[in-house]
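Since the structure comes first, as structure tokens, the remarks are kept for the end.
The values are calculated or read from the model by the stated rules, or taken from the named source; none is laboratory data. These numbers come from a predicted model, not from an experiment. A quick note on method: Cβ atoms are made from the backbone with ideal geometry, for glycine too, and the neighbour counts reach across all protein chains shown. The protein model used for the area step is the full one, side chains on, heavy atoms only, and it has no ligands, DNA or RNA in it. Shrake-Rupley method; radii C 1.70, N 1.55, O 1.52, S 1.80 Å.
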Amino acid sequence: MDDPITNPEPGHQKAEQASRILEASSSFGISPEQYMLPAQQQIRMLDPEGTLIPEEEQGTGPGHEYPIPEDDVLLKAYAALVAGRRINDQNYALVRQGRMAVYPSSHGQEACQVGAALCLGEGDWMFPTYRDSVAVISRGVDPLDVMVSFRGDWHCGYDPKAYRVGAMSTPLTTQLLHAVGVAHAAKLRGEDTVVLAMCGDGATSEGDFHEALNFAAVFEVPVVFFVQNNGYAISVPLSHQSAAPSLAHKAIGYGMAGEQVDGNDMVAVLATLRRAVHLARENSMPLLLEAITYRMQAHTNADDETRYRDREEVEQWKRKDPLLRMQKFLAAKGLLDEAAEAEISEAAEKVAASLRQAMSTEPDEDPLEIFDHIYTEPTAQLSAQRGQLADELARAHGNAQAGAEEATR
Amino acid sequence: MSTATATKTTTFASALNTAMSDAMEADDSVVVFGEDVGTLGGVFRITDGLTKRFGENRCFDTPLAESGIAGTAVGMAINGMRPVIEMQFDAFAYPALEQIFSHIAKMANRTRGRVRLPIVIRIPYGGGVGGVEHHCDSSEAYYAHTAGLKVFTPATVADAYLMLREAIDTEDPVVFFEPKKLYWSKAGEDLTALRQQYESSMDSAEGDSPRVGAAGNATVVRAGTDVSIISYGPSVPTVLKAAEAAAEDGISAEVLDLRSVVPFDEEALVRTVQKTGRAVVVAEAQGFVSVASEIVARIQERCFHSLASPVLRVTGFDIPYPAPKLEEHHLPDVDRILDALDELQWED
Ligand SMILES: Cc1ncc(C[n+]2csc(CCOP(=O)(O)OP(=O)(O)O)c2C)c(N)n1
Ligand SMILES: [Mg+2]
């Protein structure tokens, strides 16, 4: 049989991507299929006790090689993990106290969150979801600005262009296409910007997931699609979303490489993400990385997790906690002494305190601002409506004052 | 708008085509993409020659996926481009609605004006060309209902050029409705003159937005004294014919072309209705919960005391667009407009 990649029928030209895949795979001495399909097992470097797994058992192999990041990067990642965990738990508490409207926690998924931020260069972009607050904060956005949307002051509280972080997206997988567009614009200008496009396992059923992967492969743009597979889409398990052997297997259908990683292994997550970003940049092509992880808290505060999963399952995942694993690993490696540990938790505590402080002060948002950003110049109708609200507010203020005067009299 | 000397004949389609190539010439960040827009030049040939002239980086075919086209445009606009995307037909834009409604319309507001998306979504729309199902929808109300989108729809060759240039230069997203029935209509317009007119208006513009006076500036395309007929896009030529016929019956109709549904020129509407005291609104789209309904509501709110009769609408019926052999029964035509004029209580 003719190889459809090397020898297509007349009028059936293959995308450039196919020859890039061919090139990449032959440079590793493997077939295109071996390159695009995920390795036989999840890439994993730390066992649940935080011990480094022997190289031959990490799941790596030709074309699937993932060098372990340098010590300073690992330490930085650990500090971000600790801060991320603290932020998740602080926000969870703030929601329970009614001081924050909603918070989709990534408790348990922090290794993915931190990896997503640390694998990128300054000129790169990230397109996060509602669950990725910790990733956005790890990228450098002020935590208070990230919480603007969860407190309910405005929809997006930070400047996406200043941080090269898209506004956290709620309509599932729509942001993946924005990632492709950003990468395509950069490519047309000759810039080597890599874009990390994030979504959850359930979201991979959405049409835009398919369209984004397909566009990225056809446009040959450096987008790393990063799926955090935490097993559930609210209540629905992955078995109801996909019959594929794994989500990483979907990559080959688009002509890109896919890989699966233990999402609770900070070392492996960083190693795979960093390599994916490197390959994307070097070869101007997309990749798909699926991280197997678990959401330890409910979907949001409005969710009742006892209806779809039992305590035992959650307990089992506790043993794979990404933070403890990394801590044990670094301590054994001699990179983490008591002083360093204290410094790291102090920094995390500071962020938590600032969140508590910010959420207990009333925001002074201006109701009239709801009219101000819709168009560069307000339409006549919006100006009239703004006038109406201003008038209503003035009257309410007047009434309140009159009421107060009445009361003091 | 035409020059005094030997004016050339220009089609609506070539005015659009030239508007895009002029915009691409003027600004490197303008990129055109969609389905079949490259080698083929689009199924209506509106992008004819753009790839050849500007290269595949500036005008290119995408995979066949409308949400993908719109969503990619969002990212490209975030990253400094001015995408002009083509939806092949009105009804085939529906897969893109989530991107258009949830992101293109809302991004500026979501980010407090920090991220604006200067995207133009070109949509060939409306019927009257014998098109089969899914090729003739008048879908403007969906977009006009969505805050954050501008909705333009030219009715003349000159506006086709001027308004598309304006749309491309606008910082806000614009849904640009092209009446496909008018694509091959001609007018004595000289594109060079239109280009000069547009560019000199740009020179005098302040800030980011051009002020060429098309969008948000409805025009009286025929002056009259007895009744105002308000319309836009593909219905405008029909309305002008009806006004001519009415004149023979002794009714002097003033015809207002809205040009853009958003921004909506309420003052021009109020001016003409207060002047004539009677109004009929004409549009191809179904009348129920439509742009026409909105126009009537505004007239009622602002012109109640000037009205000598109820305001009427002549629109498509509230049905899915009919099959080609039946479309003539659905579309507002001269007779139906004249019937409406007859009902405006002239005897009182
Ligand atoms: C288009 C769309 N449909 C439905 C929803 C409601 N919704 C929000 S989160 C969610 C589950 C998503 O699950 P997954 O992709 O696995 O991400 P996770 O929440 O587990 O991180 C759903 C259904 C939505 N936000 N967008
Ligand atoms: Mg999930």
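If you scan segment A:216-231, which residues turn out to be within 16 Å of ligand 1 (Cβ to nearest atom) and touching a Phe, Trp or Tyr at 6+ places or on another chain (Cβ under 7 Å)?
Taking segment A:216-231 first, the residues within 16 Å of ligand 1 (Cβ to nearest atom) are A:225-231.
Result: A:N230, A:G231.
Evaluating A:S106 against the criteria (1) in contact with a Lys or Arg (Cβ under 8 Å, 6 or more places away or on another chain); (2) free of Cβ contacts under 8 Å to residues at least 24 places away in the same chain leaves one unmet condition, (2). With respect to (1) more than 10 Å from chain B (Cβ to nearest Cβ); (2) away from ligand 2 (no atom under 16 Å from the Cβ); (3) open to solvent by 10 Å² or more (accessible area, probe 1.4 Å); (4) not β-branched (V, I, T), the lone exception for A:G200 is condition (2).
Report yes if A:G202 is touching a strand residue (DSSP E or B) at 6+ places or on another chain (Cβ under 7 Å), within 16 Å of ligand 1 (Cβ to nearest atom) and on the phi > 0 side of the Ramachandran plot, otherwise no.
Details: touching a strand residue (DSSP E or B) at 6+ places or on another chain (Cβ under 7 Å): yes; within 16 Å of ligand 1 (Cβ to nearest atom): yes; on the phi > 0 side of the Ramachandran plot: no.
Taking the combined requirement at face value, the residue does not satisfy it.
For segment B:238-263, taking the residues that are under 28 Å from B:S139 (Cβ atoms) and either at pLDDT below 95 or of a type in the set (S, T, Y) (or both), the one that is least open to solvent (accessible area, probe 1.4 Å) is identified as B:S260.
If a residue must be surrounded by 22 or more Cβ atoms within 10 Å (Cβ to Cβ) and either more than 10 Å from chain B (Cβ to nearest Cβ) or part of a helix (DSSP H, G or I) (or both), how many such residues does segment A:204-240 contain? Let's see the steps before the verdict.
So in segment A:204-240, the residues surrounded by 22 or more Cβ atoms within 10 Å (Cβ to Cβ) come out as A:204, A:208-209, A:211-213, A:215-217, A:219, A:221-230.
Those still in the list that are either more than 10 Å from chain B (Cβ to nearest Cβ) or part of a helix (DSSP H, G or I) (or both) too: A:204, A:208-209, A:211-213, A:215-217, A:219, A:222, A:224-230.
Adding up the residues that qualify gives 18.
For (1) assigned to a helix (DSSP H, G or I); (2) crowded, with 19+ Cβ neighbours inside 10 Å; (3) out of contact with any Ser or Thr (no Cβ under 9 Å at 6 or more places or on another chain), each residue gets a yes or a no:
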| residue | (1), (2), (3) |
| --- | --- |
| B:V273 | yes, yes, no |
| B:V281 | no, yes, no |
| B:E284 | no, yes, no |
| B:V289 | no, no, yes |
| B:I295 | yes, yes, yes |
| B:Q300 | yes, no, yes |
| B:F304 | yes, no, yes |
| B:P310 | no, no, yes |
| B:V314 | no, yes, no |
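Taking first residues from segment A:226-245 that are within 21 Å of A:L213 (Cα to Cα) and partners that are more than 8 Å from ligand 1 (Cβ to nearest atom) and in a strand (DSSP E or B), the Cβ contacts under 6 Å between residues at least 6 apart in sequence or on separate chains come to A:F226/A:L196; A:F226/A:M198; A:F226/A:L289; A:V227/A:E290; A:Q228/A:A291; A:N229/A:E290; A:N229/A:I292.
The number of residues in segment A:138-148 that are away from every other protein chain (no Cβ under 11 Å) and buried (at least 19 other Cβ atoms within 10 Å of the Cβ) comes to 6.
A:G255 meets the conditions (1) within 16 Å of ligand 1 (Cβ to nearest atom); (2) open to solvent by less than 30 Å² (accessible area, probe 1.4 Å); (3) at positive phi in every case but one. The failed one is (1).
Condition check for A:P10 on (1) within 20 Å of A:L273 (Cα to Cα); (2) not assigned by TED's automatic domain parsing to the domain that holds A:A331: one failure, at (1).
So which of A:L74, A:L120 ends up being open to solvent by 10 Å² or more (accessible area, probe 1.4 Å) and away from ligand 1 (no atom under 16 Å from the Cβ)? Step through it out loud before you land on a result.
Working: A:L74 fails: open to solvent by 10 Å² or more (accessible area, probe 1.4 Å).
So the residue among A:L74, A:L120 that is open to solvent by 10 Å² or more (accessible area, probe 1.4 Å) and away from ligand 1 (no atom under 16 Å from the Cβ) is A:L120.
One residue stands out among those in segment A:338-377 that are among the acidic types (D, E) and modelled with pLDDT under 90: the one that is nearest to B:R112 (Cα to Cα), which is A:E365. Within segment A:149-168, restricting attention to residues that are touching a residue at least 40 places away in the same chain (Cβ under 8 Å) and either open to solvent by 10 Å² or more (accessible area, probe 1.4 Å) or outside the structural domain of A:V195 (by TED's automatic domain parsing) (or both), the residue that is nearest to ligand 2 (Cβ to nearest atom) is A:M168.
In the condition set (1) surrounded by fewer than 16 Cβ atoms within 10 Å (Cβ to Cβ); (2) part of a helix (DSSP H, G or I), B:D318 is compliant with all but (2).
Regarding B:K325, is this residue open to solvent by 80 Å² or more (accessible area, probe 1.4 Å), in contact with a helix residue (DSSP H, G or I) (Cβ under 8 Å, 6 or more places away or on another chain) and part of a helix (DSSP H, G or I)?
Working: open to solvent by 80 Å² or more (accessible area, probe 1.4 Å): yes; in contact with a helix residue (DSSP H, G or I) (Cβ under 8 Å, 6 or more places away or on another chain): no; part of a helix (DSSP H, G or I): yes.
Taking the combined requirement at face value, the residue does not satisfy it.
Answer yes or no: is there a residue in segment A:377-394 that is touching a strand residue (DSSP E or B) at 6+ places or on another chain (Cβ under 6 Å) and touching a residue at least 12 places away in the same chain (Cβ under 8 Å). Show your work before the answer.
The initial filter retains those residues of segment A:377-394 that are touching a strand residue (DSSP E or B) at 6+ places or on another chain (Cβ under 6 Å), namely none.
Within segment A:377-394 (the criterion being touching a strand residue (DSSP E or B) at 6+ places or on another chain (Cβ under 6 Å) and touching a residue at least 12 places away in the same chain (Cβ under 8 Å)), the answer is no, since none of the residues qualifies.
Only one of the numbered conditions (1) touching a helix residue (DSSP H, G or I) at 6+ places or on another chain (Cβ under 8 Å); (2) among the aliphatic types (A, V, I, L, M); (3) away from chain B (no Cβ under 14 Å); (4) part of a helix (DSSP H, G or I) is not met by A:V261, and that is (4).
Residues satisfying the criterion are present in segment A:165-184 (criterion: more than 15 Å from ligand 1 (Cβ to nearest atom) and more than 10 Å from chain B (Cβ to nearest Cβ)).
Considering A:A298, A:A348, the condition of being surrounded by 12 or more Cβ atoms within 10 Å (Cβ to Cβ), away from ligand 2 (no atom under 16 Å from the Cβ) and of a type outside the set (F, W, Y) is satisfied by A:A348 alone.
Considering segment B:50-125, the qualifying helices (runs of 4 or more DSSP H), each wholly inside and each with 3 or more residues that are within 11 Å of chain A (Cβ to nearest Cβ) and over 19 Å from the mean Cα position of the chain (by Cα), run over B:66-78, B:107-110. If the condition is being within 19 Å of A:V180 (Cα to Cα) and surrounded by fewer than 23 Cβ atoms within 10 Å (Cβ to Cβ), then segment B:83-100 contributes B:P95, B:A96, B:L97, B:E98.
Within segment A:220-235, track down each residue that is more than 13 Å from the chain's Cα centre (by Cα) and more than 9 Å from ligand 2 (Cβ to nearest atom). Full working, then the answer.
Kept after step one, since they are more than 13 Å from the chain's Cα centre (by Cα), are these residues of segment A:220-235: A:220-223, A:231-235.
Selection gives A:E220, A:V221, A:P222, A:V223, A:S235.
When residues in segment A:32-62 are screened for being open to solvent by less than 50 Å² (accessible area, probe 1.4 Å) and of a type in the set (K, R), 0 of them pass. Does segment B:45-61 include one or more residues that are of a type outside the set (F, W, Y) and touching a residue at least 40 places away in the same chain (Cβ under 8 Å)? Taking every residue of segment B:45-61 in turn, at least one turns out to be of a type outside the set (F, W, Y) and touching a residue at least 40 places away in the same chain (Cβ under 8 Å).
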